[in-house]
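Below is one structure, written out as structure tokens; comments come after it.
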Amino acid sequence: MKHFVLAMATSFVALCSANSLAFAQAAGGVIDVATIGEPPTLDPMASTADLVGIITQHIYETLYTFDADWGPTPLLAAALPTISADGLTYTIPLRTGIKFHDGSDMTSADVVASLDRWTRLASRGKQTSEIIASVEAPDDATVVITLKKPYAPLVALLSLNNSAAIVIPEENAAQDPLEAFIGTGPYMLKERMPDQYIQLARFDGYVPLEGEANGYGGARHQYLDEIRFVPVPDPNTRIEGAVSGQFAYADALPVEAFERISGGATEPVVLKPFGWPAFIFNTKEGLSSDIRIRKAVQAALAPEDMMLAAYGSEEFFSIDGAFYPEGNTWHTEKGTEPYKPLGDTEAAKALLAEAGYDGTPLRILTSRQYEFHYKMAQVAQAYLEAAGFKVQMDVVEWATLTTNRADPALWDVYISHSPFLSEPALMGVMNDTSPGWWVSDAKHAAVDAFNAEVDPAKRVALFADVQKVIYDEVPLFKVGNFNALAAQAPNLDGMVPAPWPYFWNAYLAAE
């Protein structure tokens with residue numbers, strides 16, 4: 001039985017190299033991919049939800065993406081940008097001959113219009129809008145971005161597939177919400193039947209990069225005729241579909257299903273380490289806008305019990321307050337003293353008393369589509385109530401959660417998770433407009449210094465200061481590190497385990 005394991009850096013390189021040698025890739029076939037539910041949108045600029053990015057990365061493309069080492073690599077751009085000596089001017093050459101799904105040619109005018117839309121509508125684009133002085137097109141194959149001050153994360157932000165800086169036709173860039181789902185990707189939208197499937201078909205006009213596959217970058221081949229993303233909100237139904245072979249790929253499975261998957265018609269895919277779950281606080285209004293309440297929650301929660309309830313076996317999690325694991329470039333323990341594996345109920349009670357807590361329910365917004373979110377919420381509720389909180393659990397569909405979290409009147413805490421992103425500036429908490437809306441002078445001082453520094457060694461030290469401010473002001477509570485589980489059909493070849501699974505280069509092997 002094959003067990004695919006991804007260690008986010010070194011093994012990703014090895015797996016990409018191995019898959020570049022895949023034999024006899026057969027064109028044709030249709031696969032069904034089970035996802036955690038119905039995406040709230042097919043406009044990746046409008047959402048930071050991983051589900052949106054997983055699906056839409058096949059339809060749309062960005063100027064850059066991530067290679068096997070999690071470094072930016074060209075996608076629609078012809079090369080990495082030329083950056084002026086003062087760090088303010090990024091000159092980006094574009095690939096030529098690229099077609100949109102409607103048959104039109106991509107030019108710099110489309111890129112400029114798309115980046116303008118991104119800075120107006122996307123949370124990560126808004127993150128850069130005050131820093132970008134201008135985006136101009138000196139010719140059809142060149143874009144020049146001029147900044148007001150140096151900004152080291154720019155290329156990484158242009159590479160990410162959620163809240164994504166996708167390139168769409170100029171005439172569609174004025175649409176809000178997006179009505180025409182036309183991109184340059186290897187697959188195009190064929191049909192969407194809400195709550196049934198999203199059907200993508202091969203785009204015959206696609207022009208792949210030459211050479212080898214390289215993480216999300218490099219060559220993207222379209223061996224499959226169609227990909228159907230099927231929303232399966234109930235995790236047990238996803239498990240049974242995987243075991244029976246109903247799905248060629250099933251995403252986001254509860255880790256306790258590992259042995260059951262191993263004995264079924266599909267094979268387990270383990271991504272190790274995948275990322276970290278978090279409780280995000282509403283710092284804008286309501287109960288958790290009071291830092292003393294947030295610190296009381298921070299003290300009350302017991303990460304060890306929460307992770308044990310969510311993942312069952314220590315093979316699938318570790319207790320760690322640092323935002324990057326040991327061995328990662330960005331790992332630091334600075335500021336993590338408040339992270340207590342078993343919590344501190346008495347300290348939480350004292351903080352509640354200091355805050356003059358009046359019994360107003362703490363509203364926790366979560367979903368059972370990610371079952372580990374819900375299990376952590378249940379344990380959190382018990383510890384919070386032991387500390388003196390009243391807790392209101394609002395359990396909704398994931399698409400509803402991603403909509404409701406945009407309204408600060410509806411929640412105090414919502415539960416989410418993140419993979420270990422290659423650039424810390426991509427973390428949602430770094431963005432003032434991300435749900436949670438954490439804004440403070442201390443944050444801006446730490447984050448601005450980190451983002452303005454271009455020297456990699458100095459940036460590592462500056463990120464330690466950012467982590468300390470996060471712990472000091474508690475805009476979120478990191479629970480721990482976890483591994484993720486998916487399932488894959490044994491005849492689905494060419495796949496590389498990845499946080500946001502992709503199906504270009506995948507093919508159905510002859511049985």
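The values are calculated or read from the model by the stated rules, or taken from the named source; none is laboratory data. The shown structure was predicted, so the numbers you read here are calculated from the model rather than taken from an experiment. Every residue, glycine as well, gets a Cβ built from its backbone with ideal geometry; the counts of neighbours run over all protein chains shown.
Key figures for this structure:
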item: Residue within the range 18-39 that is surrounded by fewer than 23 Cβ atoms within 10 Å (Cβ to Cβ), among the aromatic types (Phe, Trp, Tyr) and either at pLDDT below 95 or within 24 Å of the chain's Cα centre (by Cα) (or both) present; result: yes
item: Candidate set: the range 183-197, residues that are part of a strand (DSSP E or B) and farther than 19 Å from ASP102 by Cα; chosen: the one farthest from the chain's Cα centre (by Cα); result: MET193
item: Residues of the range 246-299 classified as among the aliphatic types (A, V, I, L, M) and at positive phi, total; result: 1
item: Filter result (within 30 Å of the chain's Cα centre (by Cα) and either surrounded by 16 or more Cβ atoms within 10 Å (Cβ to Cβ) or not in a loop (DSSP other than H, G, I, E, B) (or both)) within the range 335-346; result: GLY335, THR336, TYR339, LYS340, GLY343
item: In the range 242-251, residue farthest from GLY53 (Cα to Cα) [restricted to those that are crowded, with 21+ Cβ neighbours inside 10 Å and not charged (D, E, K, R)]; result: ALA242
item: Output for the range 182-204, where each listed residue is hydrophobic (A, V, I, L, M, F, W, C) and crowded, with 19+ Cβ neighbours inside 10 Å; result: ILE182, MET188, LEU189, ILE198, LEU200, PHE203
item: Exclusive hit being outside the structural domain of PRO435 (by TED's automatic domain parsing), crowded, with 16+ Cβ neighbours inside 10 Å and under 22 Å from LEU365 (Cα atoms), set PRO303, PRO254; result: PRO254
item: Among (1) modelled with pLDDT under 95; (2) surrounded by fewer than 22 Cβ atoms within 10 Å (Cβ to Cβ); (3) touching a strand residue (DSSP E or B) at 6+ places or on another chain (Cβ under 8 Å) - the single one PRO490 does not satisfy; result: (1)
item: Which numbered condition ALA174 misses (of (1) surrounded by 17 or more Cβ atoms within 10 Å (Cβ to Cβ); (2) assigned to a loop (DSSP other than H, G, I, E, B)); result: (1)
item: Number of the condition not met by TRP411 [criteria: (1) part of a helix (DSSP H, G or I); (2) over 16 Å from the mean Cα position of the chain (by Cα); (3) touching a residue at least 40 places away in the same chain (Cβ under 8 Å)]; result: (1)
item: Filter pass, VAL460 being outside any helix (DSSP H, G or I) and more than 17 Å from the chain's Cα centre (by Cα); result: no
item: Residues of the range 24-50 satisfying the condition of being in contact with a strand residue (DSSP E or B) (Cβ under 6 Å, 6 or more places away or on another chain) and assigned to a helix (DSSP H, G or I); result: PRO44
item: Evaluation of PRO435 against (1) within 28 Å of VAL155 (Cβ to Cβ); (2) in a helix (DSSP H, G or I) (one fails), failing number; result: (2)
item: Only listed residue being touching a Gly at 6+ places or on another chain (Cβ under 6 Å) and either assigned to a strand (DSSP E or B) or not assigned by TED's automatic domain parsing to the domain that holds GLY53 (or both), chosen from ILE227, ILE280, ILE293; result: ILE280
item: Residue that is under 24 Å from the mean Cα position of the chain (by Cα), farther than 30 Å from ALA464 by Cβ, among the aromatic types (Phe, Trp, Tyr) and in a loop (DSSP other than H, G, I, E, B), where the choices are PHE247, PHE323; result: PHE247
item: Pair list, Cβ under 7 Å, 6 or more apart: the range 493-508 residue part of a strand (DSSP E or B), other residue small (Gly, Ala, Ser) and surrounded by fewer than 22 Cβ atoms within 10 Å (Cβ to Cβ); result: ASP493/ALA22; ASP493/ALA509; TYR507/ALA26; TYR507/GLY494; LEU508/ALA26; LEU508/GLY29
item: Residues located in the range 296-320, provided they are closer than 29 Å to GLU423 by Cβ and either under 21 Å from the mean Cα position of the chain (by Cα) or assigned to a loop (DSSP other than H, G, I, E, B) (or both); result: LEU301, MET307, ALA310, TYR311, PHE316, PHE317, SER318, ILE319, ASP320
item: Condition met for ILE261 (within 23 Å of the chain's Cα centre (by Cα) and either modelled with pLDDT of 95 or more or assigned to a helix (DSSP H, G or I) (or both)); result: no
item: Filtered residues of the range 347-392 (kept if within 21 Å of ALA309 (Cα to Cα), of a type in the set (Gly, Ala, Ser) and in a helix (DSSP H, G or I)); result: ALA377, ALA380, ALA382, ALA386, ALA387
item: Only listed residue being β-branched (Val, Ile, Thr) and under 22 Å from ALA213 (Cα atoms), chosen from THR96, THR35; result: THR96
item: Among the residues listed as ALA49, ALA109, ALA79, ALA85, the single one being without any contact (Cβ under 8 Å) to a residue 12 or more places away in the chain and either surrounded by fewer than 22 Cβ atoms within 10 Å (Cβ to Cβ) or in the same structural domain as TYR249 (by TED's automatic domain parsing) (or both); result: ALA85
item: Subset of the range 500-511 [surrounded by fewer than 20 Cβ atoms within 10 Å (Cβ to Cβ) and within 17 Å of GLY275 (Cα to Cα)]; result: TRP500
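Residue by residue, here is whether (1) in contact with a helix residue (DSSP H, G or I) (Cβ under 7 Å, 6 or more places away or on another chain); (2) under 17 Å from ILE280 (Cα atoms) holds:
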residue	(1), (2)
ALA347	yes, no
ARG363	no, yes
PHE372	yes, yes
ASP394	no, yes
LEU426	yes, yes
